[in-house]
Amino acid sequence: MNSHKTYTVDEAQAKLEHYCAYQERCHKEVRQKLRDMNMIPEAIDLIIVHLIRHNFLNEERFAKAFVRGKFRIKKWGKNRLRRELKFREISKYTIDAALNEIDLEDYYATLDALVQKRIAQVKAPNDYKKKKKVADYLLYRGWESHLIYERLNEALNG
């Protein structure tokens, strides 16, 4: 973006309406975008209030869309989802509400499928090493360790 371009509040507001309409955004992203446009703090606050009032910006809607998308497409577990939302400065209440939207049956079925897929992919000399490699992969994706080991033990010792 050209750092010398200046925007009036109305121009910036129109630009941000489009930015938020295109994809759900969190307050942190919007604030950063306005900073990148060299808007002064007073204008940033004014525009954010406008975006919230006109429903372009809604953190709960953002959090729920984020959780749905990252769970469905990237198969992230709740720990990773929580960490990523915290990083985006979403409140604990909103994070909990978004995570509660995940159907538990889907959640466990997704984990089971990931465990099976990863076990088939991992080449290791023994079950212990295989278990560790699969567990590390799933921990990185934010799955809860007690669930991982429960599923791995069933899969490899069952």
Given charges at beta-carbon only (K, R positive; D, E negative), |dipole| of the chain in Debye: 900
Three-way shape label, the range 9-53, alpha-carbon gyration tensor, a/c 1.5: rounded
Long-range HN-HN contacts of ARG88 with modeled amide H, under 5 Å: none
Contour excess over end-to-end distance, with Cα ends at ASN157 and ARG35 and 0.36 nm allotted per residue: 38.5 nm
Nearest-ten-degree value, helix 9-22 long axis tilted from longest Cα axis of the chain: 20
Listed pairs LYS5/LYS28; LYS92/LYS117; LYS28/LYS132; LYS70/LYS133 exceeding 27 Å between Cα atoms: LYS92/LYS117; LYS28/LYS132
Tilt relative to the chain, helix 78-87 - C-alpha long axis, 0 to 90 degrees, to 10: 20
Nitroxide proxy distance, nm - points 7 Å out along Cα→Cβ at GLU101 and ALA14: 3.1
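What's the magnitude of the charge dipole for the range 87-158 around its Cα centre, counting Lys and Arg as +1 and Asp and Glu as -1 at the beta-carbon? Answer in Debye, nearest 20. Kindly include the intermediate steps, with their values, before the conclusion.
On the way: 12 positive and 12 negative charges, 142 e Å.
Approximately 680 debye in magnitude.
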Dmax and Rg, reported as Rg then Dmax, of the chain (C-alpha, Å): 20.7, 65
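Using the 10 angstrom Cβ neighbour count as an exposure proxy, how do LYS133, LYS123, LYS74, LYS33 rank, fewest first?
Numbers: LYS133 16, LYS123 8, LYS74 11, LYS33 19.
Lowest to highest Cβ neighbour count: LYS123, LYS74, LYS133, LYS33.
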Around PHE56: net Lys/Arg minus Asp/Glu count, Cβ-Cβ under 13 Å: +1
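Coordinate-derived values only; no laboratory data. What you are looking at is a predicted structure, and each value in this text was computed from that prediction instead of being measured. In this analysis, Cβ positions are derived from the backbone assuming ideal geometry, glycine residues included, and neighbour counts consider all displayed protein chains.
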